[in-house]
């Protein structure tokens, strides 16, 4: 591996860590490395979901209860 390859992979990893996206279900904003994408390169719009599904569900259902939704 050359130094150029090592540097570019390090920059790519740092870029993934610093990018913050919003969960489509619960709305929380987390680093992209903590989220799962829904869709692929063929999709124009990628939805992001929390990898911690239990906590995401708890946030989502509590927000619905506070809003008075069934």
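Computed from the coordinates by the stated procedures, all read-outs in this text should not be read as laboratory data. The shown structure was predicted, so the numbers you read here are calculated from the model rather than taken from an experiment. Using ideal geometry, Cβ is built from the backbone for each residue, glycine included, and neighbour counts are taken over all protein chains shown.
Figures for the structure shown
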| item | result |
| --- | --- |
| Burial ranking of peptide ranges 32-40, 20-28 (average Cβ count within 10 Å, highest at the top) | 20-28, 32-40 |
| Point-to-point label distance, residue 33-residue 45, nm (Cα→Cβ direction, 7 Å offset) | 2.9 nm |
